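Okay, structure first, notes after.
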Amino acid sequence: MIIKPRVRGFLCITTHPTGCEANVKRQIDYVKGKGPIEGGPKRVLVIGASTGYGLASRISAAFGAGAATLGIFFEKEGTEKKPGTAGWYNSAAFHKFAEAEGLYAKSINGDAFSDEIKQKTIETIKADLGQVDLVVYSLAAPRRQHPVTGEIHNSTLKPIGSDTVQKGVNTDKEEVQDFHLEQATQEEIDNTVAVMGGEDWQMWIEALDEAGVLADGAKTTAYTYIGEKLTWDIYWHGTIGAAKKDLDKRVIDIRERLAAHGGDARVSVLKAVVTQASAAIPAMPIYLALLFKVMKERGVHEGCIEQVDGLFRDSLYGQDPYLDEEGRLRADRKELDPEVQAAVAALWEDINTDTLRQLSDFEGYKREFLQLFGFEVEGVDYEADVSPVAPIANLV
Ligand SMILES: NC(=O)c1ccc[n+]([C@@H]2O[C@H](COP(=O)([O-])OP(=O)(O)OC[C@H]3O[C@@H](n4cnc5c(N)ncnc54)[C@H](O)[C@@H]3O)[C@@H](O)[C@H]2O)c1
């Protein structure tokens, strides 16, 4: 089959297996090029392991620290007629490369919010690894069925306290528009916290700990974004920010639990990057296009793998971690550099449909967006026939 991109809003409904494999390979090569991660983890569980920051975490652990990895994700397999999701192909490629180097890799495809998948994970760890010494929590989901109440919570991306008008780019028409965003109701805030807050992270750690599968000294981290004034209305001060603040609350108990066995729990703050999750956030595409322009000009542009590889080396397993006053690990320092933020803010003022391409790196944003789905990846022959059926070796 010849597969071409078909973009619908913030999604691309087709994916390219060869392009996804090339993306994974590039990330592996990046990590290997940096050399081994001193004192890195050896048995790692990654929840949300198939795309974005979770995939980069799995790659950093495996190819930087030589770790055995167990990955949890929710993806769709391709058929002869229809491509699967990008995370499926990424994982198939990850398994292929890991196994070629003799690295243990197993994956579980299912709903990480459920008790069933937590149990399956625990059984797999017991059978194969005994225990794990790092748990990365990198889920980004639009909904969650609560395992106790059975209730389905849907997350929303809205401001809190008042309606706002936010400049954004209509990615279909490629026009800059004002988007009117209605303030969230309390119910919407609560539902977003239920999906993207820390309860599920805490449930995971409690279940793993009670089953005795966390090694002495085990660490865990969950990822967050804070950003600066430009995105605060929609992010940090909005519904998703409320969920992220819940991580900051929950981490205290999680840390206490792990500290009892010499371990640690941290929220890690990562920079804004293009992922399937961030493409759905209003104002993020335009912010990213401006941020790319400014950070590329300064030679400090980074994507998922550069961020996570740095987080592992400098902070999670570094001698002198970048900690903030709240005890979070910070990998977003270059994005929040006041000079970078001031430059983005100045461009933001002047951006409109006519100046979109001149003032921002919208082309770079679009390319990275398509690359998430395996398109526009260098060195890939998109005219070549490709099978959408790609098995994942060692799927539990
Ligand atoms: N993208 C950014 O700019 C950014 C910045 C800082 C922090 N973060 C945080 O990083 C984390 C990961 O986000 P991302 O941007 O890499 O997202 P992503 O969409 O690329 O990845 C989400 C992952 O979660 C998995 N997943 C979703 N629902 C699931 C379910 N029910 N069961 C099992 N797996 C499920 C997916 O399969 C995938 O592996 C999030 O906490 C996000 O807030 C993202």
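Numbers at a glance
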| read-out | value |
| --- | --- |
| Environment charge at Asp264 (Cβ cut-off 10 Å; Lys +1, Arg +1, Asp -1, Glu -1) | +3 |
| Rounded to 5, the percent of DSSP beta bridges in the range 1-156 classed as antiparallel | 25 percent |
| Size of charge dipole - the range 19-129 - debye, nearest 20, with Cβ of Lys, Arg +1 and Asp, Glu -1, no other charges | 220 debye |
| Dipole in debye (nearest 20) - the range 244-396, about Cα centre, beta carbon charges: Lys, Arg +1; Asp, Glu -1 | 540 debye |
| Stokes-Einstein diffusion coefficient of the range 1-45, Kirkwood radius over Cα pairs, 20 °C, 1.002 mPa s, in µm²/s | 158 µm²/s |
| Distance violations [Cα-Cα > 23 Å] among Lys158/Lys245; Lys293/Lys366; Lys76/Lys173; Lys42/Lys249 | Lys76/Lys173; Lys42/Lys249 |
| Taking only Cα atoms of the chain, radius of gyration then Dmax in Å | 20.2, 59 |
| Top positive-direction residue, dipole computed over the range 62-209 with Cβ charges, set Ala112, Thr85, Ala141 | Thr85 |
| Computed helical MRE - 222 nm, the chain, DSSP H runs ≥ 4 contributing -39500 (n - 2.57), nearest 500 | -11500 deg cm²/dmol |
| Charge-dipole axis of the range 280-396 as Lys and Arg at +1 and Asp and Glu at -1 on Cβ define it, positive-most pick from Met295, Ala384, Leu329 | Leu329 |
| Cβ charges +1 (Lys, Arg) and -1 (Asp, Glu), total dipole of the chain, debye | 680 debye |
| Percentage relative contact order, the range 274-336, counting C-alpha pairs under 8 Å, at least six apart | 22 percent |
| Among Phe10, Ala222, Thr121 - extreme Cα towards positive end, dipole of the chain, charges at beta-carbon | Thr121 |
| Solution diffusion estimate, µm²/s, Stokes-Einstein, the range 217-313, Kirkwood Rh from C-alpha pairs, 20 °C, viscosity 1.002 mPa s | 144 µm²/s |
| The chain, accessible surface, carbon-and-sulfur percent (1.4 angstrom probe) | 49 percent |
| Flagged links, alpha-carbon separation over 28 Å, of Lys32/Lys120; Lys34/Lys244; Lys34/Lys96 | Lys32/Lys120; Lys34/Lys244 |
| Burial order of peptide ranges 49-62, 265-278, 298-311, 164-177 (average beta-carbon count within 10 Å, highest first) | 49-62, 265-278, 298-311, 164-177 |
| Added length on full extension, which subtracts the Cα-Cα distance from 0.36 nm per residue, Lys334 to Asp385 | 14.2 nm |
| Three-way shape call for the range 307-396 based on the alpha-carbon gyration tensor, with the a/c threshold at 1.5 | oblate |
| DSSP beta bridges in the chain [antiparallel fraction, %, rounded to 5] | 35 percent |
| Percent breakdown of C-alpha pair distances by 10 Å bin, ordered from the shortest bin, for the range 124-247 | 12, 33, 29, 16, 8, 1 |
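The values are calculated or read from the model by the stated rules, or taken from the named source; none is laboratory data. Note that the coordinates shown come from a computational prediction; the quantities given were computed from them, not determined experimentally. Don't worry about glycine lacking a Cβ; one is built from the backbone with ideal geometry, like all the others, and counts go over all protein chains shown. Quick note on the areas: whole protein, heavy atoms, side chains included, nothing else; ligands and nucleic acids left out. Shrake-Rupley method; radii C 1.70, N 1.55, O 1.52, S 1.80 Å.
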